[in-house]
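Just so it is clear, none of the values below were taken in a lab; they were calculated from the coordinates. Keep in mind the model is a prediction, meaning the values are calculated, not measured. Note that each Cβ is placed from the backbone with ideal geometry, even for glycine, and that neighbours are counted across all protein chains shown.
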Amino acid sequence: MERLLILEDGSVYRGTAFGSDNFQIGELVFNTSMTGYQEILTDNSYCGQIVMMTYPLIGNYGINRDDNESMIPCVFGFVVKDYCEYPSNFRCSETLDDFLKRENIPGIYDIDTREITMKIRNVGTMKAVMANVDADVDVVVAGLKAADFLHDQVARVSTNKVFPIPNRGKKVVLMDFGAKLGIVRELSKRGCDLVIVPYDTPASTILSYRPDGVMLSNGPGDPTDVKVAIETIKELIPQTVVFGICLGHQLISLACGAKTYKLKFGHRGANHPVVNLSTGKVEITSQNHGFAVDIDSLKDTRLEMTHQALNDKSCEGVRHKDYPCFAVQYHPEASAGPEDSRYLFDQFIELMEENKNA
Amino acid sequence: MPKRTDIKKILVIGSGPIIIGQAAEFDYAGSQACQSLREEGYEVILINSNPATIMTDTAIADRVYIEPLTVDFAKRVIYKERPDAILGSLGGQTGLNLVVELHEDGILDEFGVEILGTDLHAINRAEDRELFRSLMQEINEPVPESMIVHTVEEAVEFAKREGYPLVVRPAYTLGGTGGGFADDEAELREICDSGLKASPVHQCLIEQSIAGYKEIEYEVMRDAKDNAIVVCNMENIDPVGVHTGDSTVVAPVQTLTDRENQMLRNASLKIIRALKICGGCNVQLALNPDSFKYYVIEVNPRVSRSSALASKATGYPIAKISAKLAVGLGLDEIINPITKTSYACFEPALDYIVTKFARFPFDKFPNADRHLGTQMKATGEIMSIGRNFEESFLKAVRSLEMKVDHIYKKELAGFTKEELLEKIKKCDDERIFAVTQWLRDGYDMETIHNVTKMDDFFLCHLSRIISLEKLMMENPKDVEVLRKLKKYGFADSYIARNWDMKEFDLYNLRKENGIMPVYKMVDTCAGEFKSATPYFYSSYEHKNESEVTDRKKIVVLGSGPIRIGQGVEFDYATVHCVQTLREEGYEAIVINNNPETVSTDFSISDKLYFEPLTTEDVMHVIDLEKPLGVIVQFGGQTAINLADSLVEHGVKILGTSLHSIDLAEDRHEFEAMLHKLNIPQPQGETAVTVEESLVIANKIGYPVLVRPSYVLGGRAMEIVHNDDELRVYMATAVKEISHDAPILVDKYIVGKELEIDAIADGKNVYIPGVMEHIERAGIHSGDSISVYPTQIINEKVKETIIDYGTRIGKGFEFVGLYNIQFIVDKENNVYVLEVNPRSSRTVPFLSKITGVAMSQIATKCVLGESIEDQGLTPGYHPEDKERVFVKAPVFSFAKLRSVDTVLGPEMKSTGEALGSDVNLEKALYKALVASGINIPLHGSVLLTIDDDNKQDALEIAKRFYNIGYGIYATKGTAKFLEDNGLFVHVAAKVNEDNGNETVLDIIRHGHVNFVINTMSNKDNSTSMDGFLIRRVSAENNISCMTSLDTAHALIKVLESLSFSMISMNEMGK
């Protein structure tokens, strides 16, 4: 069955339908990872976005029960070049198509994804929507132009109640802005006794669990939309160890008085070089962000930049000069992507240890 | 880290002659590396014995030494040049080995020469089996467990510890006879028992079996700061068991989840860090398809064939960057040369799928053992790029130039189910064709998966091709079906054949219906960054990215995969042509499909289209670019063969016209033309039936040279001596090669063979040199030792050759390069054997030794600039009499089992080496040494000579004897030599069981340094013995000469190195 992908600028791409037909307007973004589509599809940071894979052969190894990054995926659509109907992998339990249908995610394949990628690269991310072939394109485009980006994605994907993942190590409160399970996995692996709390949990509640540290997770959308958390973080920083990833990094920066801005087309992929400014060494990182911390705005804050993107020189990590608080823009938990930066979780544990002694 | 300033002069080691397993990729890597180092301001000294390469052009390094890659000669270069550092990791195994040997010699320490790139410790740890194993244990990376056992019980103990399946490999048996896989104790006992019996030393290696595991490769890079990245990962369609060089490989990996991918990535990075390599490294891993269990198979601590492939597959120039890392630069300091906007410290993202197919020499060696295993057998490879698997895969198939345009072989279509399964189980070079045929015949995928362990992903995609075939059959000439077929990579020629159309008409049908491909860019970043690199591939997609300029453009066709008869020499000429076009202000566009070569380095041309060299794929580019014309004369026979159909499409061939090409290639027109020019050629005629051939042969008299017409590179060419042999030839060889093509029967003239390469501008001719062959006619020119300037022929003969060469150039109206082979008989009559209207194998050799930039001059001629306008005087280029240059062939016989090493009219060599010095003997010595022949001052020689040659051999034997060499000979030869006063060790015949060492034992035990073996032309009874003698020599690395001319050259060299022992009494004689 044919299906259309319609972009805000009026361009229409005709492809083949797969997945569900739950069409929603979303921000069309591309990801350059060559493996890991399952992790990407289930990464809640993509809430409100239609994800397009630049690697053309997708679905090759199907979907397995283990590699999800959330329980309920919430991407608004999936765009690929060549969908593989007959997956092959020892862990494969269903096809990508079956998965998308089950999770009510619409998909389209057999379109020139490279052409669209280059369009996004040149003009920036755009709103887009899938449609049936008989749709009135003009109406759809008008709808796209009129639509606003979402502002409530974090509320949509965050847990709505507190729950523990018990262990015997450091007590860590994980503020869930749409946390990838990879973060939970890394903390659990290091023995952390986790309490997972909704994004709008007040600092007093968080501190009432007497944590060794607080982990601020990744999450979707514009960090300035999550005002309530910014206030919470302001309170937390002087009182406990804080480690932020991705959206967590942006929220820490905002809480400390820095500014964020929207990138033209974001960083999404598994090949992004980041320089660790203290060692001068480069890590290849997994990234997924559409916003970044303004480096210039850091000079009026007590934050210092610790990591920087090698290519576009954007801010990839900060540290508080006074308090045990640090954050990175990229994903040390990887999944999907390179695992070069997992040491950051060890640093978090060490910092909690030091702070306890101090 | 900034680059090193404490070193200024770097000695770079090349990889030497092309052999199987070490081919053109090192020309690409080496040239890139040298240029890269010079960019950084270092003085680069190069030593490499291979004249056929771009790397040994004087423009590549500050000083180029074309000398043998041995400690002896490398030391001389070090004495003379006093380099600060030495870089061997870009010269393949040869380069690494030479660095190790130089270190062991002590000269590096003595002269304070630092080893760059991969240090000695790393080389040892990667290459030495035990050190590698212990390193892997240290860093906790799994390697298959193994143990050497002498009893079955030891093996069973090992199995109890490590589990099954196991592989049993008996020590020192030919081709692993007696070994096998054991799945349980009973099998292990049985196989091990027979293995121990088969092994002459009663010893077996028991190893955990990883056959059937997925074979995955990672190309990794590391800098001195310990930054490490993965450039590319690759998945072999053929699982572990087939050498990756022979496997069909895709990039990136297709069937791995991110978890598996990251697990193997981590392992690869850990390994390069543990080895502390500054540069590139290849890590091969085996992954259990049913778990996360994996093993490290092998690590190559240097750039390799795989890294060349990865460079072309991703656009990331590994060798160029490796060289910069070797001098201390960091990955984060080097700009990504493709995007020019990002850094080299990142991991390329692909948005296409790459397929690599190996090119095998079995068309040349129909008798070779075609089984694929751990020994690589391919001579070259091709790569293709597509946006889906089928497109990429089918483009690869038609790039192979194996007379297939689809994953279909007519022969296999007739196979029964059992035959197909047998074929698939055998695992030879046609396995993937057999697998597809199996699926085409409707048999189940499961059986194939069980037998081959190929991943279902690949089998499913092959099935998708089969269902498209059905769609094609059911819907002839349906435009929408055609659109679909093209999207999945089906070739015009294949569709046209099945739709009973002319390919030409199908092309036009597509054009009318807008079914044309667009071009996508290879940019290392999947479109994320703007990229300025003009490196493209076609796909039936929407948006075209190849912007056509309004400059004057010329398309140059490359020569495709490296194969015997069409090697790196053609790439050399192509590259020079392209460079000249650019210098002359033209936009030079290259179409080629060989990932190993310099011509497919995107920085060589203005635009590179990585495409199959077929009419449709070339026409697509031409239709888009609308060039002034196409140059076909530098791309070997591959490009020449396309001239016809391109002209049919209205394309202009620049340089020598299609008409002139036909004059040279069509037998009758050629004869008529030579007749018209009054130039003699050996008498001969064309026969279609056996009877005709007999009549002709008897008319012109035996021996005759027979070959099918329209078959190239001496394929199936034979010298026959009587009616019986001719009948056999007609019945066998001909049938195999060309079903109904006529056979050429020519008089075989015994004489001296000579060769020229020349340049014509349509009016005048310039001849850079005449080359003389050491071996008499009958041995393919590519396998002969070639000498410049001529040493034996007289001036008059040379004048005749130059005269004929000039008249042919003018008469045939050539514009550009051409090559002529001559033969001179005992009466000094000169005959023309063959005229090639194109660049030849000897162009790089001759260009380098004469200093005449032949390809450049020829390209300018093609562009319309006459020889005189270029400041040259037409005629013969003056010879340099001060120096003698010798080109020696290099063979890869040890790698090709069952191939007879006897030299004949069919070419067998894979590469060449150059030796030059002040006289013939010294030059010959260097050439032979460079070609891998060890020439000790004292030693022994084994002679097995047929009756016809005994008299000639006697002279050679005496000369060996006089310099103190021991003489071994088989009975007949021995008696003859003893009768003539030599002391001879008699060797028992192959099957003679009298307790004496047989001739084969003598070779195996290394009692002799050389073997001289000539074949009887009349008696076939000894042919099997002769074959065994030659094979055993090849496998034991003992030089075996099958031509007395070669032996003669060798003894000359030995005499010049040695002192002769002749009594005063003898002198008077």
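Odds and ends about this structure:
- Karplus-derived HN-Hα couplings along segment B:374-391 (A = 6.51, B = -1.76, C = 1.60, θ = phi - 60°), whole Hz, x at Gly and Pro: 7, 8, 5, 10, 6, 9, x, 7, 10, 10, 9, 10, x, 9, 9, 4, 4, 4
- Viscosity 1.567 mPa s, 4 °C: Kirkwood-radius Stokes-Einstein D of the protein assembly as shown over Cα pairs, µm²/s: 38 µm²/s
- This ranking places B:Glu157, B:Glu401, A:Glu354 by how few other beta-carbon atoms lie within 10 Å of each, fewest first, which gives A:Glu354, B:Glu157, B:Glu401.
- In terms of surrounding Cβ atoms within a 10 Å radius of their Cβ, B:Trp438, B:Trp499 rank from fewest to most as B:Trp499, B:Trp438.
- Put simply, the Cα atoms of chain A extend 66, 44, 38 Å along their principal axes, the longest span coming first.
- At R0 = 35 Å, FRET efficiency that the Cβ-Cβ distance of B:Lys511 and B:Lys470 yields, to 0.05: 0.85
- Within the same chain, lysines fewer than 8 places from B:Lys848 are excluded, and of the rest, those with a Cα less than 22 Å from its Cα are B:Lys80, B:Lys798, B:Lys860, B:Lys881, B:Lys887, B:Lys922, B:Lys926.
- Gyration tensor (alpha-carbon) shape descriptor, segment B:143-215, a/c threshold 1.5: oblate
- Here the Karplus curve 6.51 cos²θ - 1.76 cosθ + 1.60, taken at θ = phi - 60°, turns the phi angles of segment B:107-121 into couplings of 5, 5, 5, 4, 9, x, 9, 8, 8, 9, x, 9, 7, 4, 4 Hz, with x standing for Gly and Pro.
- Three-way shape label, segment A:153-357, alpha-carbon gyration tensor, a/c 1.5: rounded
- For segment B:12-21, the Karplus equation 6.51 cos²θ - 1.76 cosθ + 1.60, evaluated at θ = phi - 60°, returns couplings of 9, 9, x, 9, x, x, 7, 10, 4, x Hz by residue, with Gly and Pro reported as x.
- Value at 222 nm in deg cm²/dmol, rounded to 500, when DSSP H runs of n ≥ 4 in the protein assembly as shown each add -39,500 (n - 2.57): -10000 deg cm²/dmol
- Ratio Rg/Rh, restricted to segment B:970-1069 and using Cα atoms, in which Rh is the Kirkwood radius: 1.00
- Taking amide H as placed 1.01 Å from N in the peptide plane, B:Ile631 has its amide H under 5 Å from the amide H of B:Val555, B:Val556, B:Leu557, B:Leu654, each at least 5 places away in sequence or on another chain.
- Cα gyration tensor shape for chain B, rounded if a/c is under 1.5, else prolate or oblate: rounded
- Amide H to amide H distances under 5 Å link A:Glu94 with A:Ile63, where only residues 5 or more positions off or on other chains count and H is placed in the peptide plane.
- P(r) histogram, all alpha-carbon pairs of segment B:921-970 included - 10 Å bins from 0, percent: 23, 43, 33, 1
- Of all DSSP-defined beta bridges confined to segment B:9-127, some 5% are antiparallel rather than parallel.
- Distant-in-sequence amide H partners of B:Asp119 (H built 1.01 Å from N, under 5 Å): B:Cys278
- In plain terms, the C-alpha convex hull of segment B:9-127 casts an average shadow of 6.5 nm² when viewed from every direction.
- Going from the residue with the fewest nearby Cβ atoms within 10 Å to the one with the most, A:Met175, B:Met1061 rank B:Met1061, A:Met175.
- Stokes-Einstein diffusion for segment A:2-146, with the hydrodynamic radius set to the Kirkwood value over Cα pairs and evaluated at 37 °C in a medium of 0.692 mPa s, equals 219 µm²/s.
- Neighbouring partner chain Cβ atoms per residue of A:44-54, average, 10 Å criterion: 1
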